[in-house]
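What follows is calculated from the coordinates using simple rules that are stated; it is not laboratory data. These figures come from a predicted structure and were not determined experimentally. Don't worry about glycine lacking a Cβ; one is built from the backbone with ideal geometry, like all the others, and counts go over all protein chains shown.
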Amino acid sequence: MPVTKKRKVAHAVPAAPVEDSDVASNASSSSPQTNPDVEDSASDSSPQPTADDPNVEAASSETEPSTSSAPKTFKELGLIDSLCEACDKMGYKSPTPIQSESIPLALQGRDIIGLAETGSGKTAAFVLPILQALMEKPQPFFGLVMAPTRELAYQISLACESLGATINVRSTTLVGGMDMVPQSIALGKKPHIIVATPGRLLDHLENTKGFSLRNLKFLVMDEADRLLDMDFGPILDKILKVLPRERRTFLFSATLSSKVESLQRASLSNPARVSISTSKYATVETLQQTYILRPYKHKDIYLVYLLHEFIGQSVIIFMRTVHETQRVAFLLRGLGFGAIPLHGQMSQSARLGALGKFRSKSREILVATDVAARGLDIPSVDCVLNFDLPTDSKTYIHRVGRTARAGKSGTAISFVTQYDVEIWQRIEAAMGKELAEYPAPKDEAMVFAEQVSASQRDAIQAMKHYDEKKGAKGKGKFSFKGKRSRDAMDQEEG
């Protein structure tokens with residue numbers, strides 16, 4: 001490979017914080033030869049509903065709405081002044097496409113299926129109409145938002161309280177891994193909005209005295225495909241049976257599968273479909289995607305090389321297993337990087353603590369399994385590194401969606417070894433384009449070989465101590481088999 005100069009990292013462009021684009025990046029150059037006949041397994045059983053589907057009324061085209069006719073302000077969408085003021089305080093200067101299309105329909109009283117890629121502003125698209133309706137007729141237990149994971153539930157609850165601060169909205173979060181007694185006390189204070197994972201919500205519906213949702217006005221199912229992928233289907237059925245039929249329902253997701261279509265038919269009434277994504281595997285145009293093709297044995301060396309390229313910037317490194325997540329975190333700490341791990345085997349408080357440190361930038365590198373791949377809105381992530389490639393294209397889209405959010409630029413680099421070429425070809429085929437190779441001269445990267453080798457040995461010892469400290473309990477977690485308990489279903493296995 002010819003030696004090339006180091007590429008400068010693109011910084012966030014000074015665009016409005018919520019401006020987003022829905023056109024995939026056109027970057028393409030040399031790439032592992034892509035086989036156009038290779039289909040991604042995740043898309044085989046996910047038919048998209050068409051405009052002819054009698055159960056769904058198309059609310060917009062599959063392409064980005066015309067900028068000439070799109071509302072320029074939240075006021076033009078029909079939101080009241082206090083909510084427009086809250087949007088301004090949150091830094092939302094103008095509506096994103098999904099907000100422009102869905103909020104007016106929601107204010108008209110329609111059920112909605114919202115489809116848009118990650119980072120497009122889906123959360124505000126369903127929170128704002130609920131808050132406006134709450135202002136018109138305040139009552140306890142007015143809205144329920146169900147999310148697949150604990151972290152996403154906390155994030156949505158924070159958005160509800162921030163956007164509703166000017167109207168004194170109260171919300172509570174119900175997730176597994178936390179004591180039910182404080183949650184029951186919070187429910188006793190009659191919050192306006194409940195944000196919950198399905199397993200813990202059903203626990204409270206069955207066991208918390210006096211708690212009922214029979215007067216609920218709004219139901220939201222966020223990341224609906226993920227809810228069903230995590231086997232929440234039977235629990236959702238039980239919850240839907242105790243909710244009033246006369247309610248408004250919003251179903252939001254980045255992708256639409258056949259399971260989600262079944263859920264839509266069971267829970268929504270004459271919904272309007274708002275689809276902003278240009279394709280099932282769309283990414284925003286401000287995202288620069290590349291790959292690095294190197295032997296498996298040199299992955300650690302090139303990881304350290306890339307982190308020096310992005311020194312001083314926030315980076316998420318995605319891993320496939322919990323063990324590798326811990327190992328790489330130890331490896332990078334030994335080399336002086338401020339790295340912190342995040343995975344599903346950590347306690348809930350430890351996971352929230354890790355996210356808090358990364359958000360506050362006291363740690364610049366987050367080494368994570370796919371627990372951080374979906375839904376989490378972490379501001380100003382400059383780069384995503386796929387150290388281990390995901391096994392399906394859908395997960396890839398959600399991983400790289402952690403950067404280039406709200407109109408900002410971002411970089412995603414994927415490691416491709418001799419064992420990953422076929423997986424990478426499937427990902428490129430699903431996106432419909434070949435990506436460029438990141439210039440990483442071997443002579444520059446191998447400068448770090450000796451340091452990395454020493455830190456690898458230290459990391460192995462650190463992993464031994466880590467496993468010994470966890471003892472039999474830790475081994476049980478890592479070798480967990482069979483179905484998870486209801487309380488643990490909202491905890492990522494990865």
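Observations, loosely collected:
- Phi-based couplings in Hz for region 123-137 (Karplus 6.51, -1.76, 1.60; Gly and Pro marked x): 4, 5, 5, 9, 6, 4, x, 5, 5, 5, 5, 5, 4, 6, 8
- Taken over region 184-296, the ratio of Cα radius of gyration to 2.2 N^0.38 Å equals 1.37.
- Nearest-20 debye value, region 287-470 charge dipole, Cβ charges on Lys, Arg, Asp, Glu: 680
- For Phe232, no residue whose modelled amide H falls within less than 5 Å of its own remains once neighbours fewer than 5 places apart on the same chain are excluded.
- Cα gyration tensor, region 369-449 - rounded (a/c under 1.5), prolate or oblate: oblate
- Taking Lys and Arg as +1 and Asp and Glu as -1, the other residues whose beta-carbon sits under 15 Å from that of Leu187 total +3.
- Charge context of Asp382, other residues only, Cβ under 12 angstrom, K/R +1, D/E -1: +2
- Hypothetical label at Glu136: residues of region 236-263 whose amide nitrogen lies under 11 Å (7 Å Cα-Cβ projection): none
- Note on Lys297 and Asp231: with the Förster distance fixed at 45 Å, the Cβ-Cβ geometry gives a FRET efficiency of about 0.75.
- The gain in end-to-end length when the Arg170 to Asp458 segment is fully stretched comes to 98.9 nm, 0.36 nm per residue minus the alpha carbon separation.
- Once both labels are positioned 7 Å from their Cα atoms along Cα-to-Cβ, the gap between Ala186 and Gln313 label points is 3.6 nm.
- Each residue, Asp88 and Ser269, gets one label point 7 Å from its Cα in the Cβ direction; the gap between the two is 3.7 nm.
- Segment Ser162-Ser262, length gained on full extension (0.36 nm per residue, minus Cα span): 32.7 nm
- Backbone N atoms of region 233-258 closer than 13 Å to the 7 Å Cα→Cβ label point of Ser212 belong to residues 242-244.
- Distance between the 7 Å Cα→Cβ label points at Val447 and Arg245: 7.1 nm.
- Each residue of region 302-308 is assigned a 3J(HN,Hα), and the resulting list reads 6, 4, 5, 4, 5, 5, 5 Hz, derived from the Karplus form 6.51 cos²θ - 1.76 cosθ + 1.60 (θ = phi - 60°), x at Gly and Pro.
- Percentage relative contact order, region 75-275, counting C-alpha pairs under 8 Å, at least six apart: 29
- Along region 220-233 the Karplus relation, 6.51 cos²θ - 1.76 cosθ + 1.60 evaluated at θ = phi - 60°, assigns HN-Hα couplings of 10, 10, 8, 6, 4, 5, 5, 4, 7, 5, 8, 6, 7, x Hz to successive residues, with x for each Gly and Pro.
- When the pairs Lys297/Lys357; Lys89/Lys357; Lys394/Lys433 are compared against a 20 Å limit on Cα-Cα distance, Lys297/Lys357; Lys89/Lys357 fall above it.
- Leu219 long-range amide H proximity, modeled H, under 5 Å: Leu144, Arg248, Thr249, Phe250
- Gln108/Ser380 FRET efficiency (R0 35 Å; Cβ-Cβ; nearest 0.05): 0.50
- Pairwise Cα inverse-distance average, inverted: Kirkwood Rh of region 94-182 (Å): 14.2
- Close amide H partners of Gln288, meaning residues 5 or more places away or on another chain with modelled amide H under 5 Å apart, are Gly410, Thr411, Ala412.
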